[in-house]
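Following: one structure in structure tokens, then a few remarks.
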Amino acid sequence: MPTTGPTTSGHGPAGGGTSRAARRVVLVLPAVLLVGVLGAGCAGSSPLAPTRGAETAAGPSASAVAAPSDSTSTSAGPPVTIVLGSPDRPQARGLGTPRPSLVDLGGASSTGIVEDLTWQSWGGPTATGTGTAAYAAPGQPLAAATRERATVVAADPGSCAGRPAYRTLTWYFPQHGEVPGAHPPLPVCGD
């Protein structure tokens, strides 16, 4: 790096030479910059680091792949978790919580109970899962119902008791030829 004035080290010609200190700065500075840029890139704070949604030759980056979510984002604050119905329904269990493993609608019979629930999706327009519920074949009395695997659907997202919630719940038994909509959705929102 040329200097604009006489050197003070006594080495090199005055007015056009390079001092030994200046040569050290020139040699050290690129190494410091390189380490700084590489270190910042490893920490993810460098402008050279991939940004959200960036693609590589192998495909989309990991940050661009959407994962299932239990919540909805709001621009005003942290994500808000959606729940199933409202907890103020008398004698009900599992309502007012996200991804309940048991839902008991509080009725006198076992036909309003779904146990061992496992949710495959949650947080979208509908939530789907599987569980065990009472099944009575067409024409059979409810007393003859047996506990069988059911497909469960929570739907109608909105507000229950002031919280984001699925407001209806239904289930059906595909192994018996039932399809979505085979039974009317049950309201699980108290308001």
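The values are calculated or read from the model by the stated rules, or taken from the named source; none is laboratory data. Quantities reported herein were computed from a predicted structural model and do not represent experimental measurements. Positions of Cβ are generated from backbone atoms using ideal geometry, with glycine treated the same way; all protein chains shown enter the neighbour counts. Just the protein is used for accessible areas: all its heavy atoms, side chains included, with ligands, DNA and RNA removed. Shrake-Rupley method; radii C 1.70, N 1.55, O 1.52, S 1.80 Å.
What the table shows:
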read-out	value
Dipole magnitude (debye, nearest 20) for segment 86-191, charges at Cβ of Lys, Arg, Asp, Glu	120
Per-residue ³J(HN,Hα) for segment 114-121, Karplus 6.51 cos²θ - 1.76 cosθ + 1.60, θ = phi - 60°, Hz, x for Gly and Pro	10, 10, 6, 6, 10, 9, 8, 9
Once the Cα gyration tensor of segment 108-191 is diagonalised, semi-axes √(5λ) in Å	24, 14, 11
Probe 1.4 Å, all protein chains present, accessible-area order of SER86, SER159, largest first	SER159, SER86
